[in-house]
Amino acid sequence: MHVTDFIIAGGGLIGLLTARELHQAGASVTVVERGATGQESSWAGGGILSPLYPWRGPEAVTALVRWSQERYPILAHTLADETGMDVEWIQNGLLILDTEEKERALAWANQSGIRLYLINHAAILQHEPRLAVMTNEALWLPDVAQIRNPRLLKALRHSLLASGVVIKEHSEIKGLIAGADRIQGIETASGSILASKVVVAAGAWSDNLLKNFGFHEKIMPVRGQMILFRAAPGLVSRIVIHKDHYVVPRRDGRILAGSTVEYAGFDKSTTHQALMELRQAAVALVPALAECEIEHHWAGLRPGTAEARNGVPYIGEHPRVRGLYVNTGHFRNGVVMAPASARLLADIIFERAPIVDPVPYQILGHC
């Protein structure tokens, strides 16, 4: 029987970064993942380190995003030193071709201290000469960066293992073990793992673990499909968004195009309809992509919450089960909010001064 200070249920980006925070505070940590670490929504996303339309989100989301954005370059540099892996943090800016909300966006940026500019047609083409620009104006956020999330996850796994964190992959959790009002551990197919503290960070699968403990807010899988073009470096240099579709250029020339939002349960299959939709949207933005091979097409399952939650994740301790914590429900912004979410939960656990007000993320009132 394995005994540890903390069990992290879920080996995605949220779980791995939470494990890193707890281990760096001196705790023994075991990560338990139903498949391979970092192969679900953390891997499947585009790696944009910003919400697609950042002014639309509530302050609770913005707070986590801002803190994470400031620390991502440090995390990337630290992981490179620890592992020798380049996770490709690239500050190449975000160009938004939708300007219907420009007054709201500019007001939000002014209030938040964010660099956001309304640029004209000529400036758009200066940034992206190969765009088929269908607007005379665009919103330009020069400080937005991206990260190559599959490489980030690989580097994190390598770093955690080297530091002594235990990672148990392909180990499905059958249930949580609790007595009276306190968590005691988890039950897996291969036996029990005991711990006085358990963090549920299982993404779209979190609901399966929490539903028997009075957690009544549904965490649902929301499928997102992506495609990858093989292109020459330099075809696109900025992250570009139009009508909820985006293209993300990687350093090697590959270009991601995404993404769909589908409520299809736990079905991770891809569809021809989505492939055509994503290709058409990408080619409409960058006509030269019509000549590029589609190298890959995949789907991931985001952890969605009720619409009223407005994208605010659950981060904190269960109000009735001592030692049971949650860090889940990040929907489309898991990658960009992950560092702050992990740090905030560690602050709560160790009763440190929190990086942001923890109240909006509590699950009190939902159990």
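Computed from the coordinates by the stated procedures, all read-outs in this text should not be read as laboratory data. In this text, all values refer to a predicted model and were calculated from it rather than measured experimentally. Quick reminder, even Gly has a Cβ in these numbers, built from the backbone with ideal geometry, and neighbours come from all protein chains shown.
Values for this structure:
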| read-out | value |
| --- | --- |
| Straight-distance crosslink candidates among aspartates and glutamates, where the alpha carbon sits under 19 Å from residue 197 and sequence neighbours closer than 8 are dropped | 5, 21, 33, 172, 181, 187, 207, 317, 347, 351 |
| Radius of gyration and Dmax over the Cα atoms of the stretch 213-253, both given in Å | 16.9, 52 |
| Counted charge near residue 31, where neighbours are those whose Cβ lies closer than 12 Å (Asp, Glu -1; Lys, Arg +1) | +2 |
| Percentage, to the nearest whole number, of Cα pairs in the stretch 1-101 over 21 Å apart | 49 |
| Ascending count of other beta-carbon atoms within 10 Å, so fewest first, for 206, 196 | 196, 206 |
| Binned Cα-Cα distances of the stretch 212-367, short to long, each 10 Å bin given as a whole percent | 10, 31, 27, 20, 11, 1 |
| The chain: angle of helix 149-163 to the longest principal axis, Cα-based, in degrees nearest 10 | 30 |
| C-alpha long axis of helix 102-112 to longest principal axis of the chain, angle in ° | 50 |
| Largest-first ellipsoid semi-axes for the chain, taking √(5λ) over the Cα gyration tensor eigenvalues, angstrom | 36, 21, 19 |
| Scaled radius of gyration (Cα, divided by 2.2 N^0.38 Å) that the stretch 61-111 gives | 1.56 |
| Relative contact order of the chain, pairs being alpha-carbon contacts under 8 Å that are 6 or more residues apart, as % | 24 |
| P(r) histogram, all alpha-carbon pairs of the stretch 254-296 included - 10 Å bins from 0, percent | 25, 53, 19, 3 |
| 37 °C / 0.692 mPa s Stokes-Einstein diffusion coefficient of the stretch 311-367, Kirkwood radius on C-alpha pairs, µm²/s | 286 |
| Measure of compaction for the stretch 291-342 (Cα Rg per 2.2 N^0.38 Å) | 1.59 |
| Euclidean distance between Cα centres, the stretch 132-158 to the stretch 213-282, Å | 13 |
| Cβ charges +1 (Lys, Arg) and -1 (Asp, Glu), total dipole of the chain, debye | 280 |
| In degrees, nearest ten, helix 59-83 long axis to first principal axis of the chain (Cα) | 80 |
| For 331, 213, 350, order by how many other beta-carbon atoms lie within 10 Å, fewest first | 350, 213, 331 |
| Gyration tensor over alpha-carbon atoms, the stretch 130-191, equivalent ellipsoid semi-axes in Å | 45, 19, 13 |
| Value of D in µm² per second that Stokes-Einstein yields for the stretch 42-141, Kirkwood Rh from Cα pairs, at 25 °C (0.890 mPa s) | 160 |
| When each of 218/268; 168/243; 154/174; 154/243; 168/211 is checked by Cα-Cα distance, pairs over 30 Å | 168/243; 154/243 |
